[in-house]
Structure formats: C-alpha cells, structure tokens
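Visitor: Supplied in structure tokens, the structure appears directly below.
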Amino acid sequence: MAYQFTRIAIKIGSNVLTRKDGSLDVTRMSALADQVAELHQHGVEVILISSGAVASGRSEVKPNKKLDHVSARQLYSAVGQAKLINRYFELFREHKIACGQVLTTKENFGSRTHYLNQKHCMEVMLENKVIPIVNENDTISVTELMFTDNDELSGLIATMMGMDALIILSNIDGIYNGNPQDPASEVIRTIDNGKQDLSEYVQTSKSSFGRGGMLTKCNIARKVADEGITVIIANGKKDNILLELLAKGSDTVCTRFLPSPKPVSSVKKWIAHSEGFAKGEIHINKGAEEALLDPKATSILLVGVTHIKGEFEKDDIVKIINEEGIQLGVGCAGYDSREATRLIGHRDLKPLIHYDYLYLDQA
C-alpha cells in the first residue's frame, strides 16, 4: 500500500480519546493504534502527540477533598500518564512495535539547546523504529507555563522534526463554513497558504475535555503550513480515518491546509514558534519597519531602534514592535539588553537581529 507521506505527526485530541463520562475510550485508542501500526509497517515514520492522560487518571483516583484546577490536573495526569503509556505499550507490542514516552514542557522549546536535545532524542527513536509518544508533562507544568493545548505542542513537534504532514484528529470532520450543527454547513476542504479569513467561520468555544478550540487549531495549522508542512484536521472518531486520509488520491472529508512552497530554515522554524518565550521587546521606527517589510531580506539595525523593554541576554528571543505598538514578529537578539540600549541609534554595527534569526508575522 502506498501512502501520501513518509513522515507524519499525528495529534490525537482529548475529545477523540475520551467518552462522554470523561473516561478513556480504550476501543477508539486501540483502533487508532492498529492504524498507526499499519502505517509503521509500510515504512511511514510516525510521531504521536497524544492527549488522554488526565482522562486516564480521573477514573483511577478519588481525591480526599475538592482540589483546585492545577492540583487536580497534576494528580490525574501523574497517575494517568503511566496508565496511558502502558496502554499504548501493550497495544503496539501486539504488532511487535516498540513505543517510547517523551514528556516535555513549554520551557524545553525556549532554549535552542533543549530544543535540539529533544529533536535528537526523537530522531534516534525513529531511526530505531520506535514510535515516540509525546505529551506535555502536566505534573510540573502550571498554568502560565502550559502550552495552549496539545495542538500547539503538535505544531512545535511537526516543525522541529521536519515532518511531511501534521494530522490533527478532533471529534468533527474539519473546519465548517458555518455552525457544524447546521445541516447547511459544509466542511472547507482546502485552505490555500493562509489566504482565506476563517474568523467568521471558526467558533471560539473550547472542547469539552481539551484546553483548546478550533480557533487554536486554525492558528497552529496556518503557522505550520507556512513552514512547508501539510496540515490536515479530521474526525478521529471515524473508523480507519488515518489510512483513508493518507491513501494516495484520498477524497476523505477533512480540512487540508496546503503547505507554503517557500522553504524555511530550521532556526527560523524554531523562532517562529518562540513568541511565548520572548524575554523583551525591540521597538523600531517607521523607516526600520518599512525596510523590514520590504520583499528584500533585511536585518534589524540599531540605528532604527527607538527603545528597548525588558531584560534579555544575547541569543534570547525578543518581540519586534512598531511605533503603533503592533507586534511585527520575533527574533533572536545579537546583543544583551544593556549593551543594545547603550548602542541605540548607532550606525555601522552588527545587526541587533540578523535576518537569519528573524521571523515576521506577515512574512
């Protein structure tokens, strides 16, 4: 059997793996594991980003007293993560396939060294035919350090690992051009390189068990597609969904974000997803903004900087802000904040942010 892609990340959402009562849907999990095993046996490299730890733990533990949201999440995920990975381990072992656990936090993507360490770990696993199963380490991630949800994490993993495609499995068929409950609404089948405005179609409500909604999925999908990776949003509750989606010439109902034809360097991919780790702000004048938005590649020079906010070290991620206070992008600082502040307005010095370490939101 020939499939469209040879290297894919699959994000399985909470609403796919969770029953209405909040417990883990073991039948669905088993069916998806069978499909992943089928892909694996045909030479497709797969990384799974799997929700379900909290749902797994919730059915195992009855707290002595009412817990706050963070404590409950930590308790359920600590117990549930062990149960979840063990379930995957047994399911894949039936197919004589090894899987391994990768627990990560948002902070691990904020440092280039940690980022590359994670990448190396998963590369070694794939080279040795082991399926990485990735999840956020909820036991140590508290609210302000959390990913928006596993959609954000899956986007980071897909770009970090240079996957051909990211498949986000939800409990609906894709992005609709109206309310999904309205029979007149239809799934938008193709989104071409971020050209359509989806805000009027996408509901901002979050899913029953997950932290993110369809708006998050759209924003992540667009960013990943901009980096040259196909993104598919599809219904993980449908039988054989993965095999049907990935079959050559597939016409399975889903929303497909077409990848940008422009290649993006691995460093720029990291920077593109690093806004949440920004340590400071670089404010630039109108002339610098115009140069930056010109089709020709331009770095940010100290002569175009008006002021600097926050404290940061050389190589930290910083936000780039225009005179109106609008964020234009993010970049990797070539100076620490003290030196950069001292040199504001100077000419003929090395760039504050070199073009190779710069990601523009409008690019």
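The values are calculated or read from the model by the stated rules, or taken from the named source; none is laboratory data. These numbers were taken from a predicted model, which means no experiment stands behind them. Reconstructed Cβ throughout: ideal geometry from the backbone, glycine too, with neighbour counts over all protein chains shown. What goes into the accessible areas is simple: the full protein's heavy atoms, side chains included, and nothing from ligands, DNA or RNA. Shrake-Rupley method; radii C 1.70, N 1.55, O 1.52, S 1.80 Å.
Visitor: Could you go through region 100-106 in sequence order and give the Karplus-derived ³J(HN,Hα) for each residue, using 6.51 cos²θ - 1.76 cosθ + 1.60 with θ = phi - 60°, rounded to whole Hz, and x for Gly and Pro?
Guide: Values per residue, Gly and Pro as x: x, 9, 10, 9, 9, 10, 4 Hz.
Visitor: How high is the FRET efficiency from residue 60 to residue 113, r the C-beta distance, R0 35 Å, rounded to 0.05?
Guide: Once rounded, the FRET efficiency stands at 0.45.
Visitor: Report the extension gain between residue 95 and residue 262 in nm, rounded to one decimal, defined as 0.36 nm multiplied by the number of residues separating them, less their alpha carbon distance.
Guide: Stretched out fully, the residue 95 to residue 262 stretch lengthens by 56.3 nm.
Visitor: Any idea how far the Cα center of region 328-363 sits from the one of region 213-239, in Å?
Guide: Centre-to-centre distance over Cα atoms comes out at 32 Å.
Visitor: Determine the relative contact order of the chain: mean sequence separation of Cα pairs under 8 Å and six or more apart, normalised by residue count, in whole percent.
Guide: It rounds to 15 percent for the chain.
Visitor: When the helix-only estimate is applied to the chain (DSSP H runs of n ≥ 4, each -39,500 (n - 2.57), divided by the residue count), what is the mean residue ellipticity at 222 nm, nearest 500 deg cm²/dmol?
Guide: When only DSSP H runs of four or more count, the value is -10000 deg cm²/dmol.
Visitor: With every protein chain left in place, what is the accessible area per residue of region 247-363 in square angstrom, probe 1.4 Å?
Guide: On a per-residue basis, 52 Å².
Visitor: Moving to a separate point now. Seen from all sides and averaged, what is the projected area of the convex hull of the Cα atoms in the chain, in nm²?
Guide: 19.6
Visitor: Quickly rank 344-353, 101-110, 57-66, 168-177 as a protection proxy: mean count of other C-beta atoms within 10 Å, highest first.
Guide: Output ranking for 344-353, 101-110, 57-66, 168-177: 168-177, 101-110, 344-353, 57-66.
Visitor: Could you pull out every residue, at least 5 positions away or on a different chain, whose amide H is within less than 5 Å of the one on residue 60? Hs are placed 1.01 Å off N in the peptide plane, and Pro or chain starts have none.
Guide: Sorted by chain and number, the residues that satisfy this come to none at all.
Visitor: Which percent of the accessible area of the chain is formed by carbon and sulfur heavy atoms (probe 1.4 angstrom)?
Guide: In the chain, the share of accessible area belonging to carbon and sulfur is 49 percent.
Visitor: Using amide H atoms built 1.01 Å from N in the peptide plane, name the residues 5+ places from residue 49, or on other chains, whose amide H lies under 5 Å from its own.
Guide: 10, 11, 12, 134
Visitor: Spelling out what I want: for every residue of region 48-55, take phi, set θ = phi - 60°, compute 6.51 cos²θ - 1.76 cosθ + 1.60 (Karplus), and round to whole Hz; glycine and proline get x.
Guide: 9, 10, 10, 7, x, 5, 5, 4
Visitor: Need one word for region 1-121: rounded, prolate or oblate. Basis is the Cα gyration tensor (sqrt eigenvalues a ≥ b ≥ c); a/c below 1.5 gives rounded, then a/b vs b/c decides.
Guide: oblate
Visitor: Right, something else. If the chain between residue 128 and residue 341 were fully stretched, how many nm would it gain, using 0.36 nm times the residue separation less the Cα-Cα distance?
Guide: Difference between extended and current length: 71.8 nm.
Visitor: Give the long-range amide H neighbours of residue 329: residues separated by 5 or more places, or on another chain, with amide H under 5 Å away, using H modelled in the peptide plane at 1.01 Å from N.
Guide: Residues meeting the criterion, in which the H sits 1.01 Å from N, are 320, 361.
Visitor: Among the listed pairs 238/268; 83/119; 237/319; 106/129; 119/286, which have their C-alpha atoms separated by more than 32 angstrom in this model?
Guide: As for pairs spanning more than 32 Å Cα to Cα, those are 238/268; 237/319; 119/286.
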